[in-house]
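Take a look at the structure below.
The values are calculated or read from the model by the stated rules, or taken from the named source; none is laboratory data. Every value quoted in this text rests on a predicted model; they were computed, and no experiment measured them. Here the Cβ positions follow ideal geometry from the backbone for every residue, glycine too, while neighbour counts run over all protein chains shown.
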Amino acid sequence: MTVLRRLLCAILLLPLFCPALAATAPALPLPAQTTAPAAPPQAKLVLAGRTIFVFRTAMAGFTPDDRSEGARKRLDAALARNGAQQPGIHPINEGTQVMLDGALLFLVTPADTNPLAGDTTDSVATESAAQLTKALAERREQASPRYLAIAAGLCAIATLAWLLVLRGLHLLHRWVGMRSAQAISRRLSRVKVKNVRVLDAEHYVRFMRHAVHLLIWALRLIATYLWLAFILGKIPYSRSWGERLQDYLVDIISGVATSIVNALPGLVLVAVIIAIARLVMLTLGSIFQRVESGELQAGWLDKDTAAPTRRIANVVIWLFALAMAYPYLPGAQTAAFQGLSVLVGLMVSIGASSIVGQGASGLILMYARTLRKGEYVRIGDAEGTVVELGMFETRLRTGLGEEIAMPNAWVLSNTSKNYSRVLEGAGFVVDTKISIGYDTPWRQVHEMLELAAQRTPDIASTPKPYVMQTALSDFYVEYKLVAYANAEAPRQRAEVLNRLHQQINDVFAERGVHITSPHFIQDYTPPEQA
């Protein structure tokens, strides 16, 4: 039991001594990190200014420079023999040999190729043999006085043609600039609105001159590029540079042509989508136009809501057409196009919040039929005829030389009084208030106000004008005359009120009643009656 107890204690205390044992234990040496040896630099085999082959790796202890130097010596030896100079290839187990007149020049190994690009030793060797054939031909041309003379003549002719083209472009620049300026000035002078010119020709002339200038310079650069590629291609020493220029130009033209051809199906689909959207919009527009004119009745849709519904339908149609045509637009799948779309959407969503609120308020006013064009209303402190009920603002014309524009959100949040909804037709309510003392009988006041309304032109006889006593104040009675006018123009209501006030003054003056508001203090008894 004692031994067992000691063993148990040793097991429990072992973790306490492990850190100390680990600290005193000798550190084991870490394996040294090995770095990959640097790849030897590449070496080129060049003949007559043309690269025949690029040695990319070492072989059998020979660096790429050694392999290039050896291939160069073997090539010089083969050329010194003045043979037929026929390049060829010969596959072996280690790779593919490039031969010249049956003699080995160099070996293309798998390490010299790029497997990711689909290259093989045979394909690379074939390409090297083709480049060697061109280089040998150029080498022979460099030693041929006849070919050099012909090339010099062709270069001289090409240079002369290039100079003539530049001179012709200079003359064309002057002629097109002059004719375009005259044509634009003559045509823009005919663009008039009410016999007033609305377009300044000098801005368009300046723009056309800049456009022609840029076009002529682009043609000059293209002509220079073609001339340079031709000259370099005819000189044996620089033919590889000329071929590069020609290949680059061909690649650009083929790339542009390929992009255009690839974009044509998408553009055709976009055109079809736009045509269908336009047809649907015209069809709905004709229906809404008949509803707006009153020829067609369509339930909830009437002449007041036809115009805003047509606008909403047009927006929805074009948004749907844009969503359908977006994937087929050229460049729609690029990151730049998508990022620009996101940026524009974010700017519109952040900056157009108030505009959306105003538009929503305008739609509420239109569909709730709170206001109609031509009605006489009072909104807050503004009173006048509605001349425009737009998507974002409502305009009132007071008839006193004022036109008030109010945001639709403000109109919706204020109390509005409509004076044109009591009777059918284009008339409106005309009312006015006066205060008369208690010494004048109220029946006489009613009679005089009604007589004044009857004498006023444009006051409707049916329904008959009436008078209401709206307040019994301390010193006077407040009377309100309510009548109906048949006027339609915005200013006529102000004129009707003006004539009504004039008739009230005349009638009260004829009856000897003063339109005053006296302050009664006490009864006065004359001395002779006391």
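Here are some notes:
- Evaluating I434 against the criteria (1) more than 59 Å from the chain's Cα centre (by Cα); (2) under 18 Å from E495 (Cα atoms) leaves one unmet condition, (2).
- Count of residues meeting criterion [assigned to a loop (DSSP other than H, G, I, E, B), touching a residue at least 60 places away in the same chain (Cβ under 8 Å) and surrounded by 15 or more Cβ atoms within 10 Å (Cβ to Cβ)] in segment 375-414: 3
- Scanning segment 152-191 for residues that are at pLDDT below 75 and among the polar types (S, T, N, Q) gives S185, S189.
- Among (1) surrounded by 12 or more Cβ atoms within 10 Å (Cβ to Cβ); (2) modelled with pLDDT of 75 or more; (3) not in a loop (DSSP other than H, G, I, E, B) - the single one V348 does not satisfy: (2)
- Test: M208 is more than 29 Å from G153 (Cα to Cα), in the same structural domain as V165 (by TED's automatic domain parsing), surrounded by 14 or more Cβ atoms within 10 Å (Cβ to Cβ) and at pLDDT 80 or above: yes
- Across segment 426-465, the number of residues qualifying as in a loop (DSSP other than H, G, I, E, B) and among the β-branched types (V, I, T) comes to 3.
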